[in-house]
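A.B. asks: Here it is, the structure, as structure tokens.
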Amino acid sequence: MSDGTDSSDDVTVSMELSGPYDDVLEKLQPAEAGRDSLVPVVADLEVLLETVVGIDGGTRSVIAEALPADTAAEFDPGAVVDALQVLERYDLVVLDGNTWRPGPRLDE
């Protein structure tokens, strides 16, 4: 090669997957896709975060009342605070006095 690199270091990979769509997608999933038992936890945290963003923040009681009824776990005001404290560790929400607001990470 003219750029001074050794062509024996070049690697080319080619692969073809064929079959039913769902089978192909299954093969493309990472080996460690995660635990299925965490799916409802993550979904509830997403709903909680979307609620805080949607109402532009609120007290624990206001957020608990604004949450949809279809979450996997029941969220009373105390449970809302517990979950919001987890989201706070990731800068997804911040506590401003007694009001939980969307965090700085959401602006990225």
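No value in this document is a laboratory result; all are computed from the given coordinates. For clarity, every value in this text was computed on a predicted model and none was experimentally measured. Note that we place each Cβ from the backbone using ideal geometry, even for glycine, and neighbour counts take in every protein chain shown.
A.B. asks: State to the nearest 20 debye the size of the charge dipole of the chain about its Cα centre, where the only charges are +1 on K and R beta carbons and -1 on D and E beta carbons.
C.D. replies: 520
A.B. asks: Give the long-range amide H neighbours of Val94: residues separated by 5 or more places, or on another chain, with amide H under 5 Å away, using H modelled in the peptide plane at 1.01 Å from N.
C.D. replies: The list, which skips near neighbours in sequence, is Arg101, Gly103.
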